[in-house]
Structure formats: structure tokens, C-alpha cells
Amino acid sequence: MVKNHPLAHHRPQWKTHIGFLLAAIGSAIGLGNIWRFSYLCYKNGGGAFLIPYLIALFIVGIPLMILEIGLGHKMRGSAPAAFASISKKWEWLGWWQVIFVMFGIVLYYSVVISWCLSFLFFSFKLSWLPDPNSFFFNQFLMASSGPFDIGQLRTPIVFSLLLVWLFNWLIVFSGVTKGLERANKIFMPLLFFLTAIIVFWGLRLPGAAEGLKVYLRPDFSRLWDIKVWMDAFSQIFFTLSLGFGIMIAYASYLPQKSEIVRDSLIISGANCAFSLFAGFGVFSVLGYMAHTTGQPVTEVVTESIGLAFVAFPKAISLLPYFAKFFGVLFFMSLVIAGLSSSVSIIEAFTSGLVDKFHYSRKVVASSLSIFGFLGGIIFATQSGLYWLDIVDHFLTQYGLVVGAIFECILIGWIYKAQRLKEHINHYSSWKLNRWWNVCVKIVIPLSLLVILISSLIEELTAAYGGYPRLSIVLIGRDWLIYTLFFAIIVASHPWKIEPGERNLT
Ligand code: TRP
């Protein structure tokens, strides 16, 4: 019956297995791998951090990856369609995941990619000299005094944001094989190549060894600190793109005969190996900077925005030769890592709308790109930095975590982990045992719950980032609430074809 179903016919399929793997790896490898992982290592006991990190990978990351890929493969549908096939009452969850990522995370993530794009061009002239810090905050962002002091639009940022959305649009518009698969087949090898140059270049700089010592020298006493463990668990979860509905959508384009378990291991392993590798580049360059300026390495270490837009530009301008070229390499790899992640969520949302309403992909991709660009404009104002910080905090600390806890309850307890496991084992030559059920039903939701509760406690003790409380409530909390309403409304609309009928095996 199923094979003759109209939807089964029209569902696109990855042309090659490697194409699927690269797209999933492309989604997982993002800015976080380059600018956050190595900092977390440094902060949380160097090499010793690898212990909680690997444990989190094996008991939360990989099992959840298998769950999402197995679910997408079984239901042959995006997150909303997959959850609705299990129970109509849970369809909102799938929508909520893809909506708050699409109309939240991607909006500001694209703005950050647009900063990277601007800096790629600035690299040609090392425009950030003489003072990279002041250049970034005062000249480039023209940061205002706080979230409610919106100020003006930053036209150069809006312009590169437009370019970013043009790329996003082009890739998703062109479809699964001609867009996502083809783009990632170019992007991923290129990213590995660029990163390899950065790492080997970095390792040969004087002072690199000092930097690496700070990055990886193990301090096992840090393992007694619960925060270290929480960092490991939340990083694994975010870096593998779990709880976004992305892997479910990507796996829904797999052919019947698929190695779900092996692929999940490859994707997760490649992502984490990349993070570790990129860290060598980051810390040897920081080591070089410390060496040249005569400061201790620990004084020059930063993460995320501070690393990419202040510390690295500073280090780049200290390089004796080919400094501009190094800048181009670095910012180009950030742009590529970012784009391959941002397109993955636009795809996850597009695929949800196409599944439910049978709209044309081209219309959906085009409208989403326009909305995405317009929605991102608030982050391209002078107060953008603050908005970005608040929205990011709430969506990743709460939205993603709550969504994934529900996901585990739904699959583990209501649908039954055992049932999905049988499906996965039927197709995979690497079999799951009962530990997987235990992870899905107990270990993952419990670890996420601990993270959630401790974030909540922290939230109540001090206003996040020292921002005015009102801005946190209006921007952070309400963003989650509005997306939830939106999800419930979309979920309550009727399906063109009931999801149950698309339930294939
Ligand atoms: N895994 C990415 C990272 O480490 C984050 C990410 C995954 C993401 N999927 C995304 C960000 C979709 C934005 C949109 O950076």
C-alpha cells in the first residue's frame, strides 16, 4: 500500500549515501565546533574535560542521534509528521522544535554568519587595525547601551545578511539532492581542507606549544565540579544538532536499506573529532599571540564572539607573513560551517510544511528566506548583540532542552523505545541492545532535567547577563511562549493526508 502512496512517491531521496552523511555532518559542525568546544576544554580541566565529554557523547549524544535518525527513517517524515504519526496530541512538539529554531536560532545565527562574511572582506585590508576590540564593538556593531536602546540599522550588516539569506535560499530552494547534497559535498571537504591548513599553520607558529598546553593539560580535580559535567552534556547536545528536528528530517530522505546505527556513530564521531582538531588551530594561534605580546596564554583566551571577532583578528594581524590570507581562511571556514548548519534547519521546517500542507518546496523556501531575512533585522540593529545574547540563552538553555525531554518521553514511553529499536535493528547490521532503551527512557531525560533545573535555579538567582529583568522576560521568555503558540496553531490545522497513513513499515 505504502509504496503506492502519493507522498511516498514524491519524497525526495539522497542520491548518495555520502551525500547524506556530509549533510548531517554539515549540520552538526557549526560555529560552536570552532569557537566554543576548545574554550570549554580550557575552562573545564583541559584534557580531563574529554572524560565527561565522551561520556556525554556515548550516553546522550549517540543514543539520541540514533533515535532521531531511526525515527525519521521509520516515519519518513519531518519532526511534526513523525510525532503526529505517533500521536496527534504530540504534533505541536515537532512544530515547536522546528519553529523556535527557524524563527529564533536561525535568525540570529545568520546574522553571526553575516558578521563572519563581513570580516572575510575586512581580512583583505586588515581593517580592524589598530584596535580590533574597538573596531568590532564601536565601529562595526556600533553597539548601543542596552537591549531597549535599539538605535539604528547597521546597513553593512544588513547587506551581508542579505547575502547570507541568498545562499540559504539558493541551497534549500534547489532541493535535497541538487541543493543540500551538492552544497555539502563541496562545503564539507572544503571546510576540512581550510581547517587543516589553519591547524598546521598554527602548529608551526612560535608559542603554539604553550597554547596547546593550556588547551589540553589535564586537571582531573575539575571533574568534581558539577558545572563541568553540565557543560559537557549541553555542548554535546547542541553540537550534534539534536532536539532541532533536523536529523529527523534528514533521515526521512534515506532509502529503506540504511545503516542507522553506523551512520549515527559516523556523524557524531566526525563532529566531535572535528571540534578537537579545530581546537588545535585555535589554541596554537592564541599561544602565538601570547608569545608575541608577552602575555600569559590564559589572559588572551576567549570564546565565541570575542574569540572570532577580537582575539583572532588581533592574532592574525601579528602574523609575520600572509596574515591577510590567514584571515580569509579563518573567516571563510566560519562562514561555511555556519551556512551548512543554517540550511539544515530551514530544510527541517520546509519539509514539515511540505509534509503537512503539500505546499511547493520552492514557494516555502522562498517565503521562509524572506521572513528569515526580515526577522533577522532586529539583530542587525545597534542593539543586536544584546538581543542575540538573550534569545540564544533562552532558546538553547530552555527550548532545546525541554523539547528533547518531551521527545524522549514520547518515543521512550508512549511509542516505546523497544518498538523503534526493533525497526532500527531490522535494518542495521550493527545492533542496539537494551542499553539503548535505558538511555532513551531514563538517562537522557534525567540528565537533561538536571541541566534544566540548575539553569532555572541560576536564572532565578541573578538576571542573565546583568540585563534589565524586563528585557529578559519580554525578549527571552516570551520568544519561547510565542513560538509555542504558533506551533499549537499550526498543529491544529488539518493535514492534507493524515500522517498515520504515511506510516510506512
Ligand atoms: N551544531 C551547530 C553548532 O555547533 C549548531 C546548529 C545546529 C545550528 N543546527 C543548527 C545552528 C541550525 C543554527 C541552525 O554550532
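FYI, it's all coordinate maths here, none of it is from the lab. None of these values were measured; they are calculated from a predicted model. Neighbour counts are summed over all protein chains in view; Cβ atoms, including those assigned to glycine, are modelled from backbone coordinates with ideal geometry.
Taking R0 as 22 Å, what's the FRET efficiency between VAL438 and SER87 from their Cβ-Cβ distance, rounded to 0.05?
Values: r = 23 Å, r/R0 = 1.04.
Step by step, r from the Cβ atoms, then E = 0.45.
Helix 361-376: angle to the longest alpha-carbon principal axis of the chain, degrees 0 to 90, nearest 10?
Roughly 40 degrees between the two axes.
Put a dot 7 Å past each Cα toward the Cβ at SER145 and GLN13; how far apart are the dots in nm?
Computed distance between label sites GLN13 and SER145 equals 6.2 nm.
So for the stretch 14-125, averaging the separation of alpha carbon pairs under 8 Å that are six or more residues apart and normalising by length, what relative contact order in percent results? Before the final figure, lay out the partial values.
Numbers: 31 pairs, mean separation 9.9, N = 112.
Relative contact order comes out at 9 percent.
Would you kindly state how much longer the chain becomes between ASN138 and HIS358 on full extension, computed as 0.36 nm times their sequence separation minus their alpha carbon distance, in nm to one decimal?
Numbers: separation 220, 0.36 × 220 = 79.20 nm, distance 4.68 nm.
Length gained between ASN138 and HIS358: 74.5 nm.
Would you work out the relative contact order for the chain, in percent, from Cα pairs under 8 angstrom that are 6 or more residues apart? Kindly include the intermediate steps, with their values, before the conclusion.
Numbers: 796 pairs, mean separation 172.4, N = 505.
Computed value for the chain: 34 percent relative contact order.
Can you list the aspartates and glutamates whose alpha carbon is less than 13 Å from that of LYS362, not counting same-chain residues fewer than 8 positions off?
GLU347
Can you spot the aspartates and glutamates whose alpha carbon is less than 16 Å from LYS88's alpha carbon? Ignore those fewer than 8 places along the same chain.
Output for LYS88: ASP355, GLU407, GLU498, GLU501.
Find which of ILE59, ILE236, TYR415 sits farthest along the positive direction of the dipole of the stretch 17-501, computed with +1 on the beta-carbon of Lys and Arg, -1 on that of Asp and Glu, about the Cα centre.
About the Cα centre, the residue reaching furthest to the positive side is TYR415.
Between ARG419 and SER367, what FRET efficiency follows from the Cβ-Cβ distance if R0 is 35 Å, with the result rounded to 0.05? Display every interim value, and only then the final one.
Working: r = 37 Å, r/R0 = 1.04.
According to the calculation, E is roughly 0.45.
Calculate how steeply helix 155-173 sits against the longest principal axis of the alpha-carbon atoms of the chain, using the helix alpha-carbon long axis, and give the answer as 0 to 90 degrees to the nearest 10.
Helix 155-173 sits at roughly 30 degrees to that axis.
Provide GLU91, GLU181, GLU498 in ascending order of the number of other Cβ atoms located within 10 Å of each residue's Cβ, fewest first.
Values: GLU91 27, GLU181 22, GLU498 12.
Least to most surrounded, the residues fall as GLU498, GLU181, GLU91.
Treating only the Cβ atoms of Lys and Arg (+1) and Asp and Glu (-1) as charged, compute the dipole magnitude of the stretch 59-132 about its Cα centre; round to the nearest 20 debye. List each step's numbers first, then the result.
Details: 5 positive and 3 negative charges, 61 e Å.
In debye, rounded to 20, the stretch 59-132 gives about 300.
By what distance, in whole Å, do the Cα atoms of the stretch 17-501 stretch along each of the three principal axes, largest value first?
Principal extents (largest minus smallest coordinate, Cα): 65, 48, 48 Å.
Please report ILE481, ILE405 as a ranked list, fewest other C-beta atoms within 10 angstrom at the top and most at the bottom. Don't jump to the answer; show the numbers that get you there.
Numbers: ILE481 9, ILE405 19.
The fewest-first ordering by Cβ neighbours comes to ILE481, ILE405.
When the helix-only estimate is applied to the chain (DSSP H runs of n ≥ 4, each -39,500 (n - 2.57), divided by the residue count), what is the mean residue ellipticity at 222 nm, nearest 500 deg cm²/dmol? The partial results should precede the final answer.
Details: 25 runs with 320 residues, N = 505.
Helices in the chain give a 222 nm mean residue ellipticity of -20000 deg cm²/dmol.
Expressed as an acute angle from 0 to 90° and rounded to the nearest 10, what is the orientation of the C-alpha long axis of helix 417-427 relative to the principal long axis of the chain?
90
Estimate the FRET efficiency between LEU129 and LEU153 by the formula 1/(1 + (r/R0)^6), using the beta-carbon distance for r and 30 Å for R0, to the nearest 0.05. All intermediate terms of the calculation are to be shown ahead of the outcome.
Working: r = 26 Å, r/R0 = 0.87.
For R0 = 30 Å, the calculated efficiency reads 0.70.
Given q = 0.21, 0.25 Å⁻¹, what are the Debye log10 I(q)/I(0) values for the stretch 176-233, with equal point scatterers placed on the Cα positions and solvent ignored?
Those come out to -0.84, -0.93, one per q.
When only DSSP loop residues count, what trypsin sites (Lys or Arg not before Pro) in the stretch 173-280 have their Cβ near at most 12 other Cβ atoms within 10 Å? Mind dumping the intermediate values first?
On the way: sites: LYS178, ARG182, LYS185, ARG204, LYS213, ARG222, LYS227, LYS257, ARG262; in loops: ARG204, LYS257.
Qualifying residues, ordered by number: ARG204, LYS257.
Need one number: nm distance between label points at TYR321 and ILE457, each 7 Å from Cα along Cα→Cβ, rounded to one decimal.
With each label placed 7 Å out from Cα toward Cβ, I get 5.6 nm.
Check cross-link reach from LYS314 to the lysines: straight Cα distance under 18 Å, and skip same-chain residues fewer than eight apart.
LYS125, LYS324
Taking the Cβ of each residue in CYS41, CYS272 as the centre, tally the other Cβ atoms inside 10 Å and list the residues starting with the fewest.
Numbers: CYS41 28, CYS272 25.
In increasing order of surrounding Cβ atoms, one gets CYS272, CYS41.
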